[in-house]
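Take a look at the structure set out below.
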Amino acid sequence: MKMAAIGVHLGGTSSCVAVYKDGRADVVANDSGDRVTPAIVAYRENEKVVGLAAKQGRIRNATNTVVKVKQILGRCFDDPQVQKHLAESKCSLINKDGKPRYEIDTGEQLKVIAPEEVMQLIFEKMKETAQSALGSDVNNVVITVPLDFEKNQKNVLREAAQAAGFNVLRLIHEPAAALLAFGVGQDAPSGKSNVLVYKLGGSSLSITVVEVNSGMYRVLASHADDSIGGECFTETLAQYLASEFQRLFKQNIKESPRAMMKLINSAEVAKHALSTLGSANCFVDSLHEGLDFECAVSRARFESLCATLFSQSIQPIEKLVEEAGLSQSDISKVVLCGGSARIPKLQQMIQDLFRDADLLNSIPPDEVIAVGAATEAALLSGKESVALEEEALIAECSARDILAKETDVTGSDTYTVVFPSGTPLPARRQHAFQAPGTTPSVCLELYQSGGKGCEAMRDKVAQVVLRDLQLKESSNHEILAILTMKRDGSLHVTCTEQQTGISEAIAIEVAS
């Protein structure tokens with residue numbers, strides 16, 4: 001057997017590992033026989049449990065069970081994503097030196113655990129799964145990250161994987177991995193085409209429009225939303241089941257966290273079954289006060305319950321394609337990823353939007369990103385003849401919008417997007433603006449933003465101040481800023497007052 005390589009996709013709610021050997025990439029099953037492992041870690045008195053057993057034990061051990069650790073990895077405690085996690089997590093989260101830490105009660109003492117330690121345990125589970133399938137000690141891995149992962153998040157993720165014993169060959173973006181899995185742009189490297197990568201996971205939606213040109217992937221536009229995901233569909237189905245229980249037994253269980261957790265587990269199993277079957281049976285033993293509950297749910301009923309959520313999941317597509325400067329007919333392929341993209345109704349809605357496009361779903365959507373990562377790992381290991389060009393594979397791009405803020409001659413603040421998220425790097429931009437001639441100094445402030453027009457999420461990253469300018473009563477200062485963003489995401493800015501040549505330059509690290 002030729003040398004194998006490993007690809008890992010670690011999502012918000014689940015993780016998946018694929019191995020590349022004998023010329024192909026395949027997802028491998030864990031010790032429970034499942035090809036996808038819940039990204040959940042439970043702490044018990046004398047042991048740490050990862051995956052399905054941790055998920056099943058949540059009903060009794062919720063406060064010591066960590067879920068969605070990816071959401072807070074590498075972030076500061078006051079980050080909005082950490083605060084959202086804090087509000088939702090049943091596991092206690094504390095602020096330690098400005099960083100989020102889990103507080104775990106093991107019975108004897110309280111333990112403080114960093115998110116990267118939790119992530120390390122999940123990586124160890126992935127490594128163990130891959131190696132047991134291979135029967136050998138293979139450590140080379142490619143790990144996928146979301147398009148909007150920032151430099152620090154990538155560093156922390158890499159360190160967690162290395163602590164688990166992996167040799168990390170590269171981190172690649174999830175949309176690129178999805179395209180690699182299907183060999184998009186690799187088999188016919190000439191000519192330009194546009195592909196939409198649609199990923200609907202357990203806790204988030206991300207959509208990316210990619211231009212494929214001679215084996216190179218360039219992000220034209222991207223959209224991310226963590227308010228919608230498969231968990232929303234599960235929750236909706238669980239609420240319906242609770243209403244059915246109330247109708248049958250005249251008891252309201254919606255206020256009982258334990259009963260609802262049981263229903264959510266049952267609803268999730270039914271949801272998965274409804275992707276392949278016309279109906280599913282939900283049975284919960286001793287759901288409430290010793291009462292057993294059984295309810296059949298048809299696919300039509302599930303689709304009716306989730307109709308609004310499905311529309312919400314599809315809605316951003318048209319706007320994003322337009323933002324990329326394209327029409328729906330310009331999209332030649334749509335790649336589906338994430339477990340929720342298995343849902344037949346969603347697939348039909350996407351196909352209806354892109355009638356002339358190929359819908360690529362022959363690889364199960366919850367496995368496709370891991371398959372692409374393993375394909376890339378094989379290339380980088382140099383042990384397999386994969387027809388891909390390493391350096392021409394993925395164009396680095398800016399993770400967030402970079403905005404310039406200046407105060408115009410009327411005294412009001414204006415924001416201008418200089419580098420939209422998804423801008424291929426390196427990139428160079430000019431930004432000209434005016435300031436009142438009666439002021440001796442001019443300030444240009446730079447911000448990064450998590451989304452289009454999202455003022456609340458703007459973070460100031462730097463400012464450039466031009467001082468000792470000549471005062472002009474009858475005219476304005478004409479300022480030209482040259483901004484260069486390098487491949488590593490660092491930003492170099494030079495501001496020059498045009499008439500006098502007075503100039504200031506700075507270099508900063510921002511999100512890559």
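All conditions in (1) surrounded by fewer than 23 Cβ atoms within 10 Å (Cβ to Cβ); (2) within 21 Å of Ser204 (Cα to Cα); (3) touching a residue at least 24 places away in the same chain (Cβ under 8 Å) hold for Leu86, with the sole exception of (3).
Among the residues of segment 127-149, the one identified as more than 17 Å from Ser15 (Cα to Cα), surrounded by 18 or more Cβ atoms within 10 Å (Cβ to Cβ) and of a type in the set (D, E, K, R) is Asp148.
So for segment 111-118 (the condition being part of a loop (DSSP other than H, G, I, E, B), out of contact with any Leu (no Cβ under 6 Å at 6 or more places or on another chain) and farther than 25 Å from Ala178 by Cβ), does at least one residue qualify? Yes, because at least one residue in segment 111-118 is part of a loop (DSSP other than H, G, I, E, B), out of contact with any Leu (no Cβ under 6 Å at 6 or more places or on another chain) and farther than 25 Å from Ala178 by Cβ. Whether any residue in segment 48-62 is within 15 Å of His9 (Cα to Cα) and touching a helix residue (DSSP H, G or I) at 6+ places or on another chain (Cβ under 7 Å) is what I want to check. Looking through segment 48-62, at least one residue is within 15 Å of His9 (Cα to Cα) and touching a helix residue (DSSP H, G or I) at 6+ places or on another chain (Cβ under 7 Å).
Asp26 meets the conditions (1) under 20 Å from the mean Cα position of the chain (by Cα); (2) part of a strand (DSSP E or B) in every case but one. The failed one is (1). Residues in segment 311-346 that are open to solvent by 40 Å² or more (accessible area, probe 1.4 Å), free of Cβ contacts under 8 Å to residues at least 40 places away in the same chain and either not in a helix (DSSP H, G or I) or not charged (D, E, K, R) (or both): Ser311, Gln315, Ser327, Gln328, Ser329.
Yes or no, residue by residue, for (1) outside any helix (DSSP H, G or I); (2) surrounded by fewer than 15 Cβ atoms within 10 Å (Cβ to Cβ); (3) touching a Phe, Trp or Tyr at 6+ places or on another chain (Cβ under 6 Å):
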position	(1), (2), (3)
Asn30	yes, no, no
Asp34	yes, yes, no
Arg60	no, yes, no
Leu73	yes, no, no
Asp78	yes, yes, no
Val82	no, no, no
Ile94	yes, yes, no
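Of Leu220, Leu171, all but one fail to be out of contact with any helix residue (DSSP H, G or I) (no Cβ under 6 Å at 6 or more places or on another chain) and over 24 Å from Ile343 (Cβ atoms); the exception is Leu220.
Any idea which residue in segment 172-208 is most open to solvent (accessible area, probe 1.4 Å), counting only those that are more than 20 Å from Gly11 (Cα to Cα) and not in a loop (DSSP other than H, G, I, E, B)?
Lys192
If you go through segment 282-305 and keep only what is closer than 24 Å to Lys55 by Cα and either aromatic (Phe, Trp, Tyr) or in contact (Cβ under 8 Å) with a residue 60 or more places away in the chain (or both), you end up with Phe283, Phe293, Val297, Phe302. Once segment 13-28 is narrowed to residues that are touching a Lys or Arg at 6+ places or on another chain (Cβ under 9 Å) and of a type in the set (D, E, K, R), the residue that is least open to solvent (accessible area, probe 1.4 Å) is Lys21.
The numbered conditions (1) buried (at least 18 other Cβ atoms within 10 Å of the Cβ); (2) under 30 Å from Val417 (Cα atoms); (3) modelled with pLDDT of 70 or more are all true for Lys405 except (1).
One residue alone among Gly325, Gly372 is in contact with a strand residue (DSSP E or B) (Cβ under 9 Å, 6 or more places away or on another chain) and closer than 23 Å to Gly7 by Cα, and that residue is Gly372.
So for segment 232-255 (the condition being outside any helix (DSSP H, G or I), aliphatic (A, V, I, L, M) and more than 30 Å from Pro316 (Cβ to Cβ)), does at least one residue qualify?
yes
As for segment 209-228, it holds no residue that is out of contact with any strand residue (DSSP E or B) (no Cβ under 8 Å at 6 or more places or on another chain), assigned to a helix (DSSP H, G or I), open to solvent by 40 Å² or more (accessible area, probe 1.4 Å) and under 22 Å from Ser304 (Cβ atoms).
Quick one: would you say Ser279 is surrounded by fewer than 17 Cβ atoms within 10 Å (Cβ to Cβ), under 24 Å from Val36 (Cα atoms) and either touching a residue at least 60 places away in the same chain (Cβ under 8 Å) or hydroxyl-bearing (Ser, Thr, Tyr) (or both)?
On the way: surrounded by fewer than 17 Cβ atoms within 10 Å (Cβ to Cβ): yes; under 24 Å from Val36 (Cα atoms): yes; either touching a residue at least 60 places away in the same chain (Cβ under 8 Å) or hydroxyl-bearing (Ser, Thr, Tyr) (or both): yes.
Yes.
Across segment 159-171, the number of residues qualifying as surrounded by 18 or more Cβ atoms within 10 Å (Cβ to Cβ) and not in a strand (DSSP E or B) comes to 4.
Would you mind stating whether Val297 is farther than 23 Å from Glu174 by Cα, open to solvent by less than 40 Å² (accessible area, probe 1.4 Å) and in contact with a Lys or Arg (Cβ under 7 Å, 6 or more places away or on another chain)? Taking the combined requirement at face value, the residue does not satisfy it.
The values are calculated or read from the model by the stated rules, or taken from the named source; none is laboratory data. Keep in mind that what you see is a predicted model, and the values were worked out from it rather than measured. Here the Cβ is made from the backbone with ideal geometry for all residues, glycine too, and neighbour counts use every protein chain on show. Side chains are part of the model used for accessible areas, which takes the heavy atoms of the whole protein and leaves out ligands, DNA and RNA. Shrake-Rupley method; radii C 1.70, N 1.55, O 1.52, S 1.80 Å.
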